[in-house]
Amino acid sequence: MEKIHTANAPEAIGPYSQAVKIGNMIFTSGQIALTPSGEFLDEDVKIQTKQVCENLKAVLKAAGADINNVVKTTIFLADINDFGAVNEVYGEYFSHKPARSTVAVKDLPKGAKVEIECVAVIS
C-alpha cells in the first residue's frame with residue numbers, strides 16, 4: 001500500500017492519508033472545501049463543491065491518475081436539498097459519469113456542506 005500525499009490539496013485533518021494506492025486502484029479520503037493552505041471556504045454549496053473537486057483532482061494527479069480514471073464516487077451532503085446544486089458542479093468534473101452514491105448526513109467536518117470521496121483505477 002502506497003500512501004499518497006500532495007501539497008496541492010489540504011493536509012489530512014486527522015490520522016489518515018489523502019489517498020492510498022494499492023496496485024492499480026486509488027482510494028481517496030473524503031475531501032471538503034479546504035484550500036491547499038487549509039482555509040475553509042464557508043461559502044455556498046457550489047463553491048464548496050468546486051473546491052472539493054479541485055482537491056480530488058490534485059490528489060488523483062499525485063497518485064498518477066486523473067478525474068477520468070474515477071470509477072466510483074460517494075457524496076455526503078449536510079442538506080439533501082443541495083443535491084441539484086452539487087450535481088450541477090459535479091457534472092462539470094465527472095462528465096464520464098462514474099458510479100455514484102449520494103447520502104445526506106447529520107454533520108460534516110468543519111460544518112462543510114459537501115464531502116466527496118472516490119475510487120479510481122489506472123489501466
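Values in this text are rule-based calculations from the coordinates and carry no lab data. Nothing here was measured: the structure is a model prediction, and the numbers come from that model. Positions of Cβ are generated from backbone atoms using ideal geometry, with glycine treated the same way; all protein chains shown enter the neighbour counts.
The sum of -39500 (n - 2.57) across all DSSP H runs of n ≥ 4, divided by the residue count of the chain, sets its helix-only mean residue ellipticity at 222 nm to -7500 deg cm²/dmol.
By the count of neighbouring beta-carbon atoms within 10 Å, fewest first, 5, 96 end up ordered 96, 5.
For segment 57-123, the number of Lys pairs separated by eight or more positions or lying on different chains, with C-alpha atoms closer than 23 Å, is 10.
Calculated FRET efficiency, residue 8 to residue 106, Cβ-Cβ distance, R0 = 25 Å: about 0.25 to the nearest 0.05.
Would you mind counting up the charge near residue 5? Only other residues with Cβ under 13 Å from its Cβ, with Lys and Arg at +1 and Asp and Glu at -1. Write down the numbers at each step before the final one.
Working: positive: 3, 21, 61; negative: 2, 11.
Around residue 5, the charge tally is +1.
Extension gain for the segment residue 1 to residue 72, taken as residue separation times 0.36 nm less the Cα-Cα distance, is 23.6 nm to one decimal. Dividing the mean sequence gap of close Cα pairs (under 8 Å, 6+ apart) by how many residues segment 2-121 holds gives a relative contact order of 32 percent.
Ranked highest first by average number of other Cβ atoms within 10 Å, how do 44-57, 97-110, 22-35, 68-81 line up?
On the way: 44-57: 21.1, 97-110: 11.7, 22-35: 18.4, 68-81: 16.7.
So the order, starting with the most tightly packed, is 44-57, 22-35, 68-81, 97-110.
I need the shape label for segment 2-121. Rule: rounded when a/c is under 1.5, else prolate if a/b > b/c, else oblate, with a, b, c from the alpha carbon gyration tensor. Please report the intermediate quantities before stating the final value.
On the way: a/c = 1.70, a/b = 1.24, b/c = 1.37.
Here segment 2-121 falls in the oblate category.
Projecting each Cα onto the charge dipole of segment 2-121 (Lys/Arg +1, Asp/Glu -1 at the beta carbon, about the Cα centre), which of 23, 68, 35 comes out farthest on the positive side? Result: 23, furthest along the dipole toward the positive end.
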